[in-house]
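Q: Dropping the structure in here first, questions after.
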Amino acid sequence: MPEQQHYQGDDGWAKICAYLDAIPEGKVLLLTGQAAYHNSGAEQNLAPYLAGRGYTHIYDFQTNPKIEDVSRLLSQLDDKHDYQAIIAVGGGSVIDVAKLLKAFWGNAATVESYFNGDDKLSPCALPLIAVPSTAGSGSEATRFAVVYKDKEKFSIEHDRLLPEFSVVIPSLLTSVPPHVAASSGMDALCQGIESYWSIHSTEESRRLAKESIELAWISLHKAVIEKEPEALAQLARASHLAGQAINITKTTAPHAVSYALTTFHGIPHGHAVGLLTSYFLQYNALVTQADCLDSRGAIWVKQSIHEIVKILGCHSAEQAASAITQLMEDLGLETNFKNLGIQTEQDITQIVDNGFNPQRINNNPRRVTREALYQVFR
Ligand SMILES: [Zn+2]
């Protein structure tokens, strides 16, 4: 796997300028969110430098990008040979869009031909500098990009989609609205937990995931509610570590099912994942040899769940699940499915029908059945 250059600190802007100074002259493609780029102070720090170099600024796209958005943006871009780098400053979706452009810009493979199965992915060689403006997705540390096609979520992956330089600037997080910070912070915590119990976990991924869960757990409330600088730096670190961990293991059942909650009920990603992680923590704790998907066996999985429970300062999976739910409530996130619009049998069936993304659900340590999924929402 390729190595990534990484820096975390409030003086990250100077590091970005130094990085750009060291590469050949040429324009920069800048991708940002709409309001956050200005409100976070990113613009103030970056625009003067980029003005001297020449840049194209793209910010007119939505969260959870669709393949049509990617095609539209690509059709607006000029010749990639005038450019020397891509910079993405924003949340997970902004960084994902930057990866998607990198994957298809100026290539023979188009988004459509790739999804039709006619072409292989061959991302362009422009270095990508990723600067997350929320703490959560860890997208700056992964080789994956999420894109939606006809309401269905896909994850594309390629080693060259791992950003060449990731720069985490904790002070950027100060201006994130509380409900966004709460949801993305839950994503960081849950990605750590899912990576820890993933059937693909390795010694390295578990070390990264453990540190990430510890940091997210102690910092989430202080970072989201009080915006305490030290807690923001810890949560930013947790998010990056969880990204590194899932870059090895990928995510599991809570992520697989969460996309249906986001697509059909508009529940923000981290919020949806948080609801499901608290459920699947208890579900996975009851794994048996008969329904265990991890080749290391049910005892190994139970031990892993026990370790997660301990990291959360609890004694049982039920207690840990309650603690996660309590944290979500303290962060102002609704935890009742009915109040979130999942009310009828039809609503539940729609989620169950769409929640079995095989790219993710088979990474879960315990086999997930339709019946088990029905139980979550009843
Ligand atoms: Zn996530």
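Q: Would you kindly derive the ³J(HN,Hα) couplings of segment 368-377 from the backbone phi angles with the Karplus curve 6.51 cos²θ - 1.76 cosθ + 1.60 (θ = phi - 60°), listing them in order in whole Hz, with x for Gly and Pro?
A: Once θ is set to phi - 60°, the couplings for segment 368-377 become 9, 9, 4, 4, 4, 5, 4, 4, 4, 9 Hz.
Q: Rounded to the nearest 0.05, what FRET efficiency do ARG378 and ASP11 have when you use their Cβ-Cβ distance and R0 = 35 Å?
A: Numbers: r = 51 Å, r/R0 = 1.46.
The value I calculate is 0.10.
Q: So for segment 252-371, taking the charge dipole from beta-carbon charges (+1 Lys/Arg, -1 Asp/Glu), which of GLY355, THR263, GLY332 sits furthest toward the positive end?
A: GLY355
Q: Let me know the charge dipole size of segment 70-182 about its Cα centre in debye, to the nearest 20, where only the beta-carbon of Lys, Arg (+1) and Asp, Glu (-1) is charged. If you can, show how the numbers build up before the last one.
A: Values: 10 positive and 13 negative charges, 46 e Å.
Magnitude of the dipole: close to 220 debye.
Q: How large is ³J(HN,Hα), in whole Hz, for each residue of segment 351-359 in order, when computed from phi with the Karplus curve 6.51 cos²θ - 1.76 cosθ + 1.60 and θ = phi - 60°, using x for Gly and Pro?
A: 5, 4, 5, 9, x, 9, 4, x, 4
Q: Taking +1 at the Cβ of each Lys and Arg and -1 at the Cβ of each Asp and Glu, which of GLY185, GLY274, SER201 sits farthest along the dipole of the chain towards its positive end, judged by Cα position relative to the Cα centre?
A: SER201
Q: Then there's this: Need the C-alpha centroid separation for segment 97-169 versus segment 15-74, integer Å.
A: Centre-to-centre distance over Cα atoms comes out at 15 Å.
Q: Around LEU331, with a cut-off of 15 angstrom between Cβ atoms, what is the net charge of the other residues, counting Lys and Arg +1 and Asp and Glu -1? Before the final figure, lay out each step's value.
A: Numbers: positive: LYS222, LYS227; negative: ASP187, GLU226, GLU228, GLU329, ASP330, GLU334.
Summing Lys and Arg as +1 and Asp and Glu as -1 gives -4.
Q: Roughly how large, in nm² to one decimal, is the mean projection of the convex hull of the alpha-carbon atoms in the chain?
A: Computed as one quarter of the Cα hull surface, the answer is 17.5 nm².
Q: Once fully extended, how much extra length lies between LYS120 and THR335, figured as 0.36 nm per residue of separation less the alpha-carbon to alpha-carbon distance?
A: Details: separation 215, 0.36 × 215 = 77.40 nm, distance 4.11 nm.
Contour length minus Cα-Cα distance gives 73.3 nm.
Q: Based only on Cα atoms, what mean projected area does the convex hull of segment 223-378 have, in nm²? Don't jump to the answer; show the numbers that get you there.
A: Details: hull surface 38.0 nm².
Mean shadow area of the hull around the Cα atoms is 9.5 nm².
Q: Additional query: According to the square roots a ≥ b ≥ c of the eigenvalues of the Cα gyration tensor, what is the shape class of segment 39-152, taking rounded for a/c under 1.5, prolate for a/b larger than b/c otherwise, and oblate for the remainder? All intermediate terms of the calculation are to be shown ahead of the outcome.
A: Details: a/c = 1.92, a/b = 1.34, b/c = 1.44.
Taking the square roots of the gyration eigenvalues as a ≥ b ≥ c, segment 39-152 is oblate.
Q: For segment 300-349, what class follows from the C-alpha gyration tensor (a ≥ b ≥ c being the square roots of its eigenvalues): rounded when a/c is under 1.5, otherwise prolate if a/b is larger than b/c, else oblate?
A: Numbers: a/c = 4.24, a/b = 1.74, b/c = 2.43.
Oblate, since a/c reaches 1.5 and b/c is not below a/b.
Q: For the peptides 185-198, 75-88, what is the packing order when you average, over each peptide's residues, the other Cβ atoms within 10 Å and list the highest mean first?
A: So the order, starting with the most tightly packed, is 185-198, 75-88.
Q: How large is the charge dipole for the chain, taken about the Cα centre, if only the Cβ atoms of Lys, Arg (+1) and Asp, Glu (-1) carry charge, to the nearest 20 debye? Before the final figure, lay out each step's value.
A: Working: 30 positive and 42 negative charges, 125 e Å.
Approximately 600 debye in magnitude.
Q: What dipole magnitude, in Debye to the nearest 20, does segment 1-87 give about its Cα centre under +1 on Lys/Arg Cβ and -1 on Asp/Glu Cβ? The partial results should precede the final answer.
A: Details: 6 positive and 12 negative charges, 18 e Å.
It comes to approximately 80 debye.
Q: Same structure, new question: Helix 203-221 against the longest principal axis of the chain: what's the angle in degrees, Cα atoms only, rounded to the nearest 10?
A: The angle comes out near 90 degrees.
Q: Could you compute how fast segment 185-288 diffuses translationally, taking Rh as the Kirkwood radius over C-alpha pairs and applying Stokes-Einstein at 37 °C with viscosity 0.692 mPa s? Give it in µm² per second.
A: Numbers: Rh = 13.7 Å.
D = 240 µm²/s.
Q: Separate question: Tell me the angle of helix 42-53 to the major Cα principal axis of the chain, expressed in degrees between 0 and 90 and rounded to the nearest ten.
A: Around 30 degrees separate the two axes.
Q: A further question follows. Could you order peptides 7-16, 149-158 by the average number of other Cβ atoms within 10 Å of their residues, highest first? Don't jump to the answer; show the numbers that get you there.
A: Numbers: 7-16: 16.3, 149-158: 14.7.
Ranked by mean Cβ neighbours within 10 Å, highest first: 7-16, 149-158.
Q: Roughly speaking, what is the stretch gain from TYR49 to HIS158, that is 0.36 nm per residue apart minus the C-alpha to C-alpha distance, in nm to one decimal? Don't skip to the end; give the middle numbers.
A: Details: separation 109, 0.36 × 109 = 39.24 nm, distance 3.04 nm.
Contour length minus Cα-Cα distance gives 36.2 nm.
Q: Quick check on packing: order 104-113, 243-252, 123-132 by the mean number of other C-beta atoms within 10 Å, highest mean leading.
A: Working: 104-113: 17.0, 243-252: 25.9, 123-132: 22.0.
Ranked by mean Cβ neighbours within 10 Å, highest first: 243-252, 123-132, 104-113.
Q: Amide H to amide H, which residues 5 or more places from PHE144 or on other chains are under 5 Å from it, using H placed in the peptide plane?
A: Here nothing satisfies the definition.
Q: With just the Cα atoms defining each centre, how far is segment 182-255 from segment 307-367? Give it in Å.
A: So the two Cα centres are separated by 16 Å.
Rule-based calculations on the coordinates, nothing more; no lab input. All values reported here derive from a predicted model rather than from experimental measurement. In this analysis, Cβ positions are derived from the backbone assuming ideal geometry, glycine residues included, and neighbour counts consider all displayed protein chains.
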